[in-house]
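Notes for the one structure printed next.
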Amino acid sequence: MGNSNINRRKFIATGAMATSAIALAQLGFAQSNSGNAIPKNSPNLQNRNSALPNRKLGKLEVSAIGLGCMSMTSNSYNPPRPKNEMVKVIRGAVDRGVTFFDTAEVYGPYTSEEYVGEALKPLRNKVVIASKFGFKFENGKSVGRDSRPASIRKAVEGMLRRLQTDRIDLLYLHRVDPQVPIEDVAGTVKDLIREGKALHFGLSEASLDNIRKAHAIHPVTALQNEYSLVERVHENKTLALCEELGIGFVPWCPVVRGFMADRFNEYSRFSDESRFTAVPYFTPEAIRNNMALLNLVRDWSDRKGVTPVQLSLAWLLAQKPFIVPIPGTTKLHHLDENLGAFKVAFTPNELKEFRIAFEKINLMGVRAPETVLKDV
Ligand SMILES: NC(=O)c1ccc[n+]([C@@H]2O[C@H](COP(=O)([O-])OP(=O)(O)OC[C@H]3O[C@@H](n4cnc5c(N)ncnc54)[C@H](OP(=O)(O)O)[C@@H]3O)[C@@H](O)[C@H]2O)c1
């Protein structure tokens, strides 16, 4: 575990959808509010022609799995992909019932928002778009955090332009800026919501203290933090706080950047530009060590007749009914596999048995519990 926290702080940070009603109930899905009036500017999720269930983040209803759009453009795990191909992936996700799309000003920077904006423009009223502010840029590169009210307003104007929309459904603070009181950030977002430029407020990787302070100024709809079978630090206290305050939880890196898809082993090597090199659980030593978890997941996925990535996502979904993972992908066949997570149901005893087994594995390169109390 050694210096993993220091490194982490450096890191900017259907198929066949024949899922039975019983399996969905076991997974605790909120059903669509198809009988309710739709508030102004709310996406019309009723037009979905798919079996993909919905969940609630605070009062915001979204598909129970969203699509992360970071790696489409940001040189994080792969070279940026052509816009026309990614527009097809994003629209293909809508065809499959995905209504929740995650982007950020810093992805690219700017280009992920442009892709999302172009892809979703004709479908705007059917989807929920989430984006994030909180960095400053020089010469097209992020050069630190900036959440001053004027900077937030400027960022949001740019987002609206790039996303080709008049409102951001879920506007997150990407990382807490130590120079700006969280109350000032929450107050600015509250004003933007009053003006109709944003509809809901979110935070990412904020400390418990800052979550409470922000929520007191304006209700926080969602917290977006890293959470997966490998990175479980937020089981410490954050999930309980979300439950207490009625905040939804959106796990980022839910498939551990492809590790849970069985894509890597100790011989995998990454280019210096890729995000993998900044992640402590992607050193050869950590991968070798953490294979024990993947082996366990392989056993369970064989037992359930699904793939390791499906088992991993289903496990996340089974933790709390207000969890909505946003696996990132640039490929529709991977999206199909990920949406197949809804084929998996766990009994309470299976969840216990699985947890007892994975908690025996001493993972390497993961965050220490104290990080939950700080703004990483
Ligand atoms: N708030 C934050 O600070 C923060 C930080 C990081 C990310 N995020 C958000 O969270 C989203 C998800 O996180 P992430 O993209 O970093 O990590 P992730 O979802 O755990 O992993 C994405 C990687 O896994 C691969 N993958 C996905 N499904 C696969 C499958 N079925 N089979 C094989 N490979 C698969 C993708 O490659 P292919 O393209 O080849 O499918 C991609 O390289 C991002 O897109 C972004 O929107 C937020």
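Close amide-amide hydrogen proximity is noted between residue 252 and 225, 226, 227, each under 5 Å apart and 5 or more residues distant or on a separate chain (H modeled in the peptide plane; Pro and chain starts excluded).
Secondary structure note: in the chain, about 25% of the DSSP beta bridges are antiparallel.
Classification of the chain by its C-alpha gyration tensor yields a rounded form. The axis ratio a/c (a ≥ b ≥ c) stays under 1.5. Proximity of backbone amide H atoms, modeled 1.01 Å from N, is registered between residue 326 and 66 at under 5 Å, excluding neighbours fewer than 5 places apart on the same chain. Computed from backbone phi, the HN-Hα couplings of the stretch 273-283 come to 6, 6, 5, 4, 5, 8, 9, x, 8, 10, 6 Hz, rounded to whole numbers (Karplus: 6.51 cos²θ - 1.76 cosθ + 1.60, θ = phi - 60°; Gly and Pro given as x). Between amide H atoms placed 1.01 Å from N, distances below 5 Å from residue 135 occur with 146, all of them 5 or more places distant or on a separate chain. Counting only lysines at least 8 places from residue 136 when in the same chain, those with an alpha carbon closer than 18 Å to its own are 10, 154. FRET efficiency for the pair residue 157 and residue 262, taken as 1/(1 + (r/R0)^6) with r the Cβ-Cβ distance and R0 = 41 Å, rounds to 0.45.
Each of 278, 239, 208 was placed along the dipole of the stretch 176-303 (beta-carbon charges, centred on the mean Cα), and the one lying farthest toward the positive end is 239. Taking 0.36 nm per residue of sequence separation and removing the Cα-Cα distance, the residue 272/residue 359 pair yields an extension gain of 28.1 nm.
Shown is the FRET efficiency for residue 191 and residue 331, computed with R0 = 41 Å from the Cβ-Cβ distance and rounded to the nearest 0.05: 0.55. When shorter helices are ignored and each DSSP H run of at least 4 residues is given -39500 (n - 2.57), the per-residue value for the chain at 222 nm works out to -10500 deg cm²/dmol. Loop-located trypsin sites (Lys or Arg not before Pro) across the stretch 337-376 with a Cβ neighbour count of 14 or fewer within 10 Å are 360, with loop assigned by DSSP. Here the Karplus curve 6.51 cos²θ - 1.76 cosθ + 1.60, taken at θ = phi - 60°, turns the phi angles of the stretch 51-65 into couplings of 8, 5, x, 9, 9, 10, 9, x, 9, 9, 9, 9, 5, 5, 10 Hz, with x standing for Gly and Pro. Using the Karplus relation 6.51 cos²θ - 1.76 cosθ + 1.60 with θ = phi - 60°, the per-residue 3J(HN,Hα) values for the stretch 305-317 come to x, 10, 9, x, 5, 5, 4, 5, 5, 5, 5, 4, 4 Hz, with x marking Gly and Pro. Neighbour counts of other Cβ atoms within 10 Å put 241, 192, 57 in the fewest-to-most order 241, 192, 57. Of all lysines in the structure, the ones whose alpha carbon falls short of 22 Å from that of residue 304, not counting any fewer than 8 places away in one chain, are 320, 343, 352, 360.
Label positions at residue 299 and residue 374, each projected 7 Å from the Cα along the C-beta direction, are separated by 3.6 nm.
Rule-based calculations on the coordinates, nothing more; no lab input. These numbers come from a predicted model, not from an experiment. All Cβ positions, even for glycine, are placed from backbone atoms using ideal geometry, and neighbour counts span all protein chains on display.
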